[in-house]
Amino acid sequence: MNDVVSYLTSSEFYGTLIILALYLFINHMVTRAYEKFVRERLKQTNSRMAEISQLLYNLLRGSLLVVTIITILHANGIKTATLAAFLSILSAVIGLALQDMLRDVVNGMHLSQDNYFDIGDTITYGNRTGVVVSMTSRTVKILDIYSGDTHIIANRLIDDVTRRSRQVDIDLGLSYEEDYEKINRVLTDTCVHIAEVDGIDNCIYKGISDYCDYCIKYKIRFFCPPEAMPELRRSALRIIQKDLAEAKITIPYPQMDIHNKS
């Protein structure tokens, strides 16, 4: 009993109370600042940054608690050197075990801050093109516009991404023997037909784009939502084939002539 009374009247006890009061004050101020200035705003604008901010907030509070505990132990005469060494080793082990996750989080922060892309954008990563349907602090989920598959990509692996535009080009190879003026008339009318397809905003006939070994290439360009490109491109090709057939314009293909000298 005397030991308890002695401790309650000692400087160590009052020092502990001061440390606890300081911890509670700092923790309260950090929480208020997070609630007022960070969480609500980020929830309305950027879900990924909100998740990352929540993670950093929890790490900050955890670190503050650990520092407080070590400080209280030291203030009460308990040796903390061994504990500090143990925590350092434990932190190193945890860091190695979670390095991939930490790289995901860090790269996720870069993706958000630099505004690489957002939910709803159509992107190409490697040989995959899809609509971004989900973004977290660790992964990006895209819905493939060609296969319908869902791809989940770790943030640490995202280093080269292309955000797709609304532009679709079709290079149409036609024979050198065809009448150039006739082709221009037919393809100009074809662009009008393509522009009438639901989902296509506009279609433009651009003219000759290249001269190849066995054909002249003519470019047709239309604009549509990136996620609808595969289906709308097929619709445009059907219209092109129909109009060329009606105009009796053939699409050439490589042929080989064999001469028998016997």
Worksheet item: Across segment 1-12, what is the total count of residues that are modelled with pLDDT under 70, part of a helix (DSSP H, G or I) and not aromatic (Phe, Trp, Tyr)?
Response: 6
Worksheet entry | Matching entry among Arg185, Arg156 (being in a helix (DSSP H, G or I) and more than 29 Å from Leu111 (Cα to Cα)) | Arg185
Item to complete: Might you check whether a residue that is charged (D, E, K, R) and at pLDDT below 75 occurs anywhere in segment 13-33?
Response: no
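Yes or no, residue by residue, for (1) at pLDDT below 90; (2) more than 14 Å from Cys191 (Cα to Cα):
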| site | (1), (2) |
| --- | --- |
| Arg233 | no, no |
| Lys242 | no, no |
| Glu246 | no, yes |
| Pro252 | yes, yes |
| Met256 | yes, yes |
Fill in: Per-region count, segment 229-249, residues of a type in the set (Asp, Glu) and either closer than 23 Å to Ile123 by Cβ or in contact with a strand residue (DSSP E or B) (Cβ under 9 Å, 6 or more places away or on another chain) (or both)
1
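Residue-wise test of (1) at pLDDT below 70; (2) part of a loop (DSSP other than H, G, I, E, B).
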site: Val38; (1), (2): yes, no
site: Arg61; (1), (2): no, no
site: Thr82; (1), (2): yes, no
site: Phe86; (1), (2): yes, no
site: Leu111; (1), (2): no, no
site: Asn115; (1), (2): no, yes
Practice prompt. Determine which single condition Ile216 fails, assuming it passes every other condition in (1) in contact with a Ser or Thr (Cβ under 7 Å, 6 or more places away or on another chain); (2) crowded, with 16+ Cβ neighbours inside 10 Å.
Written response: (1)
Discussion item. If I ask for residues that are hydroxyl-bearing (Ser, Thr, Tyr) and either in a helix (DSSP H, G or I) or assigned by TED's automatic domain parsing to the domain that holds Gly130 (or both), which ones from segment 190-240 would you list?
Written reply: Thr190, Ser235
Fill in: Meets criteria (under 32 Å from the mean Cα position of the chain (by Cα), loosely packed, with under 14 Cβ neighbours inside 10 Å and at negative phi) for Val197
no
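The values are calculated or read from the model by the stated rules, or taken from the named source; none is laboratory data. Values in this document were obtained by computation on a predicted structure and should not be read as measured data. Note: ideal-geometry Cβ built from the backbone for every residue, glycine included; neighbour counts use all protein chains shown.
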